[in-house]
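Novice: Encoded as structure tokens, here's the structure I'll be asking about.
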Amino acid sequence: MKAGFVRGRAALLGSALMVAGLGSLGLAGPAWAAGPQADADGFVTDRAFEKHLQEQLLDAKAGDVITIPAGKYRLSRGLGLTASGVTIKGAGKDQTVLSFAGMVAGPVGLLVTGNQFVVSDLTVQDTKGDGIKINGTKGVTFRNVRVRWTDPDNSTHGAYGIYPVGCTDVLIEDSEVFGSSDAGIYVGQSDNIIVRRNRAELNVAGIEIENSTNADVYENVATRNTGGILVFNMPNLPKPGHSTRIHNNVSEANNTPNFAAKGTAVSIVPKGTGMIVLANDDVEIFDNDIRNNDTMGIAIASDFSTDYKIEAGAPGEHDPYPDRVLISGNRISGGGNAPDAERFPAAPVIRAAGQSTNVVWDGYTRAPADDNGICLASGPDKLIRLDPKSPGKFAVIDGKSCDGFKRQPPVVIR
């Protein structure tokens, strides 16, 4: 059966035709004349619509475009897709809204394992777990997608909004995520990644690249999160992370208190942090606007500043140090005035000494004279290097020429 919902006059045939077995005509949600009425929030609970959508995903074949018409729909169960070469397309993220509030089975809104998958022009909201998860696929595109949680009680929010993991060739563009209790846009254990022109707001981590390689993150806005943009390399995972470019982004006023579940990776993130590089290598942070973040602009840290531990028998190899990090041409302003002293106790000490927390490094190295290849280019900012052996002490290091830093080429999605 060719995927797609039929709109227009077919919807006016009403429930009698559906009973007669003409379900292949599709559904048109609230426009279906004999269908359910919208609730006070404008959402329709239509089990026939939901069943038809589930069947389309189950029967999908390569080349199918599953179109979901404009409307606000309450769904009771998470959606799943295993076929490759499928597109799911709504009428626009303001027009096609799928709500999973009260879902009885899931907990992910949409789980995809097929290759060459595209999702566009719709909103997924209020899932019990993750919003849209793509697992182990090659060729993933998110375009003009919104994921959000609307309950003021953020303890009810799912962990990840847009969530490709173990994927290759990932493109996330022109999308937005609000309210994730972990990371809004999260790309984990993946390779060849572009994250561009997105908005992440009111999440714990706005955008996070974790244990991934060859990522280009640019022209995004991260605001009102706990931490704006994170590049993490975590232990106990089979794939190490390296080679990420963070450029031409705005990371502003990320001062939301941390509401992550205790023990999660991002539960350590101080509120008011613009960007963090944690134990990741070959990272370039350049030409970004980083402003009004209450604790610090850019943090560079090793595992030794965290509670993370390598577990016995863990897969892969893990390097706890950040190496070869370039910071150049960023415009950092207005921050550090109300630091999260619980998660970053050095911040008040630095500020009391009259120094800024625009760029801070925890200072851990393999050898005392080592600088881990961390280079802050000449400019108005100075690098605050903490002394790991003497809490409360730090060095102030001027920027320098970084001309010898080996730059990475832009990522191209194959």
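Readers should treat all values here as calculations from the given coordinates under stated rules, not as data from a laboratory. Keep in mind the model is a prediction, meaning the values are calculated, not measured. We place every Cβ from the backbone using ideal geometry, glycine too, and count neighbours over all the protein chains shown.
Novice: Among bridges DSSP assigns within the range 8-398, what percent are antiparallel (round to 5)?
Specialist: Beta bridges within the range 8-398, antiparallel portion: roughly 5 percent.
Novice: Would you list, by chain and number, the lysines whose Cα falls below 17 Å from the Cα of K400, excluding same-chain residues fewer than 8 positions away?
Specialist: Hits, sequence-local ones excluded: K382.
Novice: For the chain, what does -39500 (n - 2.57) per DSSP helix run (n ≥ 4), summed and divided by total residues, give at 222 nm, in deg cm²/dmol to the nearest 500?
Specialist: -1500 deg cm²/dmol, from helical runs alone.
Novice: Give me the net charge for the shell around P257: Cβ to Cβ below 15 angstrom, other residues only, Lys and Arg +1, Asp and Glu -1.
Specialist: Combined, the nearby Lys, Arg, Asp and Glu give -2.
Novice: Related question: Taking the Cα-to-Cβ direction at A40 and at Q355 and moving 7 Å from each Cα, how far apart do the two end points lie in nm?
Specialist: Calculated label separation equals 5.6 nm.
Novice: With charges set only on the Cβ (+1 for Lys and Arg, -1 for Asp and Glu), what does the dipole of the chain come to about its Cα centre, in debye to the nearest 20?
Specialist: 780
Novice: Show which aspartates and glutamates lie in cross-link reach of K138 when reach means a straight Cα distance below 15 angstrom and same-chain residues fewer than eight apart are skipped.
Specialist: D169, D191
Novice: Turning to a different aspect of this structure: How would you classify the chain from its alpha-carbon gyration tensor, with a ≥ b ≥ c the square roots of the eigenvalues: rounded for a/c under 1.5, else prolate if a/b is greater than b/c, otherwise oblate?
Specialist: prolate
Novice: Select from the range 314-409 those trypsin sites (Lys or Arg not before Pro) which occupy a DSSP coil region and have at most 15 other Cβ atoms within 10 Å, ordered by residue number.
Specialist: R366, K389, K393, K406, R407
Novice: Which of the cysteines found in the chain have nothing to pair with, since no other Cys Cβ lies under 4.7 Å from theirs?
Specialist: Within the chain, the cysteines lacking a partner Cβ under 4.7 Å are C167.
Novice: Put a dot 7 Å past each Cα toward the Cβ at I397 and Q95; how far apart are the dots in nm?
Specialist: Between Q95 and I397, the label points sit 5.3 nm apart.
Novice: Of the GluC sites (Glu not before Pro) in the range 230-332, which ones lie in a loop per DSSP and count no more than 15 other C-beta atoms within 10 Å?
Specialist: Here the GluC sites (Glu not before Pro) that fit, given the DSSP loop and packing criteria, are E311, E317.
Novice: Within the range 311-414, what percent of beta bridges assigned by DSSP are antiparallel, to the nearest 5?
Specialist: 40
Novice: With Cβ to Cβ distances under 9 Å as the rule, what net charge do the other residues near V86 carry (K, R +1; D, E -1)?
Specialist: Once positives and negatives cancel, what remains is 0.
Novice: Which one of T82, A48, N233 is farthest out on the positive end of the charge dipole of the range 8-398, using unit charges on Cβ (Lys, Arg +1; Asp, Glu -1) and the Cα centre as origin?
Specialist: A48
Novice: For the chain, calculate the relative contact order in percent as a whole number, restricting contacts to Cα pairs under 8 Å that are 6 or more residues apart.
Specialist: Once divided by the residue count of the chain, the mean separation gives 8 percent.
Novice: With +1 on the Cβ of every Lys and Arg and -1 on the Cβ of every Asp and Glu, and nothing else charged, how large is the dipole of the range 164-220 about its Cα centre, in debye rounded to the nearest 20?
Specialist: The dipole of the range 164-220 has a size of about 60 debye.
Novice: Still on this structure, please answer the following. Considering the zone a paramagnetic label at T113 would reach in this model (a point 7 Å from Cα along the Cα-to-Cβ line), which residues of the range 148-184 have amide N under 17 Å from it?
Specialist: Only 164-168 fall inside the zone, counting backbone N under 17 Å.
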